[in-house]
Amino acid sequence: MTGVQTCALPIFWDFAFDELREQSAQLVNLQYEASAIRRMRKRLRGQRIAVPELLDRYCGRRVLVTEFIHAALMGDVLRLRREDPMRADAWLEANNIDLRRVGRRLLFSVYRQIFEHNLYHGDPTPMHIVLLKNNRTALLEFTSTTFTEREYLEIGRAHV
């Protein structure tokens, strides 16, 4: 008998559609991101990782306004290092930025966000990280801020 075998895994379409509906609602309503910014500012205080301050009086469901952070996108700095390493190194030195130190701080921050706070930036890409003077960084774009649900945490604790 020749033919294609199929896998009979159950597909939970209702769950998938509910999740998609919820995610879409959160992307359209910027109050979710504003809430994430407030919580992340509070939790990252003391880690030398900045989160832009919300300007609440200008924010609403469809508008989100934060303070301006004078910095360089990590993605732009990494691109410059590929294209013109000498210029990038001169800029990093002039701004007292050691990328190894910044990387280590970001890695430890992600661990603390996940394991201590159970609230973490879900998309820490180079386009959502900015470099400030003196080895400081800031995170941007908090639409993917999330947490691990209690039931999964309890399962993990049971196996430790």
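Based on protein heavy atoms only, the chain ends up with 75 Å² per residue of surface accessible to a 1.4 Å probe.
The chain: longest stretch without exposed GluC sites (Glu not before Pro) (DSSP loop, at most 15 other Cβ within 10 Å), sites themselves excluded? Between exposed loop sites, the widest span is 68-148. The 3J(HN,Hα) values that the Karplus relation (6.51, -1.76, 1.60; θ = phi - 60°) gives for the stretch 52-61 are, in residue order, x, 6, 6, 9, 3, 5, 9, 8, x, 4 Hz. Gly and Pro appear as x.
Report in % the part of the accessible area of the chain that belongs to carbon and sulfur, leaving out ligands and nucleic acids; probe 1.4 Å. The partial results should precede the final answer.
Numbers: 6490 of 11950 Å².
Ligands and nucleic acids excluded, carbon and sulfur reach 54 percent.
Close amide H pairs (under 5 Å, H built 1.01 Å from N) link THR66 with LEU55, residues at least 5 positions away or on another chain. Taking the chain as a Gaussian network, Cα atoms linked when under 10 Å apart, which of ARG62, ARG105, ARG150 shows the biggest mean-square fluctuation? Taking springs between Cα atoms under 10 Å, the residue moving most is ARG150. Taking amide H as placed 1.01 Å from N in the peptide plane, the amide H of LEU132 sits under 5 Å from that of THR137, ALA138, each at least 5 places away or on another chain.
The values are calculated or read from the model by the stated rules, or taken from the named source; none is laboratory data. As the structure is a prediction and not an experimental result, all values here were calculated from the model. Note: ideal-geometry Cβ built from the backbone for every residue, glycine included; neighbour counts use all protein chains shown. Side chains are part of the model used for accessible areas, which takes the heavy atoms of the whole protein and leaves out ligands, DNA and RNA. Shrake-Rupley method; radii C 1.70, N 1.55, O 1.52, S 1.80 Å.
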